[in-house]
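The values are calculated or read from the model by the stated rules, or taken from the named source; none is laboratory data. Computed from a predicted model, the values in this text were never measured in an experiment. A quick note on method: Cβ atoms are made from the backbone with ideal geometry, for glycine too, and the neighbour counts reach across all protein chains shown.
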Amino acid sequence: MKVGIDKLHFASSHLYVDMADLALARNEAPDKYLIGIGQSKMAVIPPSQDAVTLAANAAAPMLTAADIEAIDLLIVATESGVDNSKAAAIYVAKLLGLQRRVRTIEMKEACYAATAGVKLAQDHVSGHPDKKALVIGTDIARYGLHTPGEPTQGGGAVAMLISAAPQVLALADDSVLLSQDVMDFWRPLYHTTALVDGKYSSNIYIDYFQDVFKTYLAEQQKTLADFKALTFHLPYTKMGLKALRSVLPLATEAQQRALLAHFEAARHLNREVGNLYTGSLYLSLLSLLLTDPTLAADDLIGLFSYGSGAEGEFYTGRLQENYQRGLDSALPQRLARRRRVSVSEYEALFNAQLALTASDQTIALGDDPHRFVLTGQQQEQRQYLDRQH
Ligand code: CAA
């Protein structure tokens, strides 16, 4: 029985800052951000969006009434949680109108947690093929203004419906994992922005990829040539390129050129929004599937998931015949319609997030066009609005 990703959708902001504008404002050469970091635009998340609304906005458009009836597991993976106790998944389940007999949990391990969610969902559906699981990676990447990490911010959510007989990608049971205590990136409870040792984190990422990928090849008796494409967690798209380059010597020159071409498709949409933390790998998968015209049924796709702290996993899936039917096909047009904000507007929005105090607050919705929005806080409870009800 095949189990895997049946549908794959994305939501982010209607606003972005151009990376050349940001570079000039920070006295950097634009090519440092455009080429050295590998980012063209960065999603600017307004105060009316948080991890909950991004998750609901990602999932709602792809779910049919039959899907909602069949979903009995909702996993929301995030490191941008809105409550220390209550799972973001409970809010998301309500906004999506899921049935009451659903297991709703929030998972955390930095940028890795959505992969843990996919793997748990795969096991769950394998045991209950008549059921479906919804896994959403949702985050807002925040390092702070004027920090080295600033050009690697961004935000958004990727929603994945996991089912038997999946339309998009049938997942294998071949994961190789690595989990060790590493202080490369973390966010203490009293911080709203991440602490990071940037160069160290980039080195650990490569070490983890080398470890799990080479172990995978040995265990599965495969070579790099068996893969149509490799996809990566993309905190910034140059990071994935560095990881790919680190294993290219294992391939012939023709295979190297092909893998690099597929990687360009796989980073195309990530270049447009920046880091998504948990959703980043899965936006890259979506980018590959939407923008690479050379893919075919049964192609083997590799996925490298990395979460600081640190945990890594390499696993694979086989592309299905009608994979395009399960994708968020309007995404490139939606991204093209976004509004470009100035660096000063981006800075103002960065500083206008819901304050972490007990007081009642109202959030101005501005030109936020999304169905689900955060309108403020009343009596220490976040207020969410579904504009279609
Ligand atoms: N033209 C072209 N390239 C240029 C350039 C120019 N004018 N000027 C500089 N560059 C290149 C540099 O050579 C460098 O390339 P290489 O990495 O290939 O050597 C690149 O631009 C970046 O330059 P710096 O190394 O000087 O950049 P920096 O010190 O300002 O910071 C960073 C870069 C460390 C990635 C920083 O943005 C950061 O800390 N980001 C957050 C941490 C992060 O994303 N880590 C990734 C692994 S951890 C993870 O994956 C989990 C997660 O999501 C956070």
**Request:** Could you run through region 106-130 and say how many residues are in contact with a helix residue (DSSP H, G or I) (Cβ under 6 Å, 6 or more places away or on another chain) and outside any helix (DSSP H, G or I)?
**Result:** 3
**Item:** Residue in region 304-327 that is surrounded by the fewest Cβ atoms within 10 Å (Cβ to Cβ), counting only those that are near the ligand (Cβ under 10 Å from one of its atoms) and not in a strand (DSSP E or B)
**Value:** G309
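Of these, S85, S80, which one is part of a loop (DSSP other than H, G, I, E, B) and more than 16 Å from the ligand (Cβ to nearest atom)? Don't jump to the end; show me each part of the working.
On the way: S80 fails: more than 16 Å from the ligand (Cβ to nearest atom).
That would be S85, the only listed residue that is part of a loop (DSSP other than H, G, I, E, B) and more than 16 Å from the ligand (Cβ to nearest atom).
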**Request:** Say whether the condition of being of a type outside the set (A, V, I, L, M) and on the phi > 0 side of the Ramachandran plot is met by at least one residue in region 133-153.
**Result:** yes
**Request:** Kindly list, by first and then second residue, each pair from a residue in region 236-247 that is under 11 Å from N270 (Cβ atoms) to a residue that is more than 10 Å from the ligand (Cβ to nearest atom) and of a type in the set (D, E, K, R), limited to pairs with Cβ atoms under 7 Å and residues at least 6 apart or on different chains.
**Result:** T237/R267; T237/R271; G240/R267
**Message:** Among the residues of region 336-351, are any away from the ligand (no atom under 16 Å from the Cβ), within 21 Å of P47 (Cβ to Cβ), loosely packed, with under 15 Cβ neighbours inside 10 Å and among the aliphatic types (A, V, I, L, M)?
**Reply:** yes
**Item:** Conditions (1) more than 16 Å from F10 (Cβ to Cβ); (2) surrounded by 21 or more Cβ atoms within 10 Å (Cβ to Cβ); number of the one not met by L34
**Value:** (2)
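Answer with yes or no whether H14 is touching a Lys or Arg at 6+ places or on another chain (Cβ under 6 Å) and away from the ligand (no atom under 15 Å from the Cβ). Write out each step before concluding.
Values: touching a Lys or Arg at 6+ places or on another chain (Cβ under 6 Å): yes; away from the ligand (no atom under 15 Å from the Cβ): yes.
Considered against the rule, which asks whether it is touching a Lys or Arg at 6+ places or on another chain (Cβ under 6 Å) and away from the ligand (no atom under 15 Å from the Cβ), H14 comes out as yes.
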**Asked** Could you say whether any residue in region 285-292 is in the same structural domain as Y205 (by TED's automatic domain parsing), in contact with a His (Cβ under 7 Å, 6 or more places away or on another chain) and closer than 20 Å to D18 by Cβ?
**Response** yes
**Prompt:** Restricting the search to region 20-39, which residues are within 10 Å of the ligand (Cβ to nearest atom), among the aliphatic types (A, V, I, L, M) and closer than 11 Å to P151 by Cβ?
**Reply:** A23, L34, I37
**Prompt:** When region 181-209 is examined, which residues are found to be under 19 Å from R142 (Cβ atoms), near the ligand (Cβ under 9 Å from one of its atoms) and touching a residue at least 60 places away in the same chain (Cβ under 8 Å)?
**Reply:** D184, F185, V196, S201
